[in-house]
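Following: one structure in structure tokens, then a few remarks.
Taken together, the values in this text are just the output of simple stated rules run on the coordinates, not laboratory data. In this text, all values refer to a predicted model and were calculated from it rather than measured experimentally. Methodologically, a virtual Cβ is constructed for each residue, glycine included, from the backbone with ideal geometry; neighbour enumeration extends over all protein chains shown.
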Amino acid sequence: MTLFSSSVRAGLTALLVAVLATTGAGCSLFGSDGGGGDSSETEAPDAPSGLSATSGNSQVELDWSTVDGVQAYRVYRAESSSSTDPLANEAVMEVSDATTYTDGSAKNGTEYKYVVTSVGTGGSESAPSNTARRTPFAEPGSRPSE
């Protein structure tokens, strides 16, 4: 049983060759990056490095190194007592013009773990930074040594 006549097969083959030739993609219709766009827009940026945390009264201050060419950073948080990876939670904040963030929703006496990611101009997200852990406390005398 023949599904297509020889003239239809020849037409489909010619169409496929024409599409592949105009995309310049060899065997992909969407280009080498899979999306037909500039791969630099979808390539994930470098991860932030040097994440550090300082605790205060009901807050944790975070600081990290600048990553060139990013449009924002995403801060993720999880309680240290849980086995949850901070990335499994929604981002606490997206910071667009700084490499610092103060988590003012932290509860005294609860240890938190934080990671930060970089967000590229195309929206791609980097791997996470190193993990920083900190516990906010109300009184300086009640804070563990850091």
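With +1 assigned to the C-beta of every Lys and Arg and -1 to the C-beta of every Asp and Glu, and no other charges, what is the dipole magnitude of region 43-141 about the Cα centre in debye, to the nearest 20? Let's see the in-between values first.
On the way: 6 positive and 14 negative charges, 63 e Å.
The dipole of region 43-141 has a size of about 300 debye.
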- Query: What number comes out for the charge environment of Ala47, summing +1 per Lys or Arg and -1 per Asp or Glu over other residues with Cβ under 14 Å away?
  - Reply: -3
- Query: Tell me, Asp103, Asp63 in order of fewest to most beta-carbon neighbours within 10 Å?
  - Reply: Asp63, Asp103
- Label-point separation in nm, Ser105 to Thr131, each point 7 Å along Cα→Cβ: 2.1
- Query: Hey, how much of the P(r) for region 43-141 falls beyond 22 Å, as a percent of Cα pairs?
  - Reply: 25
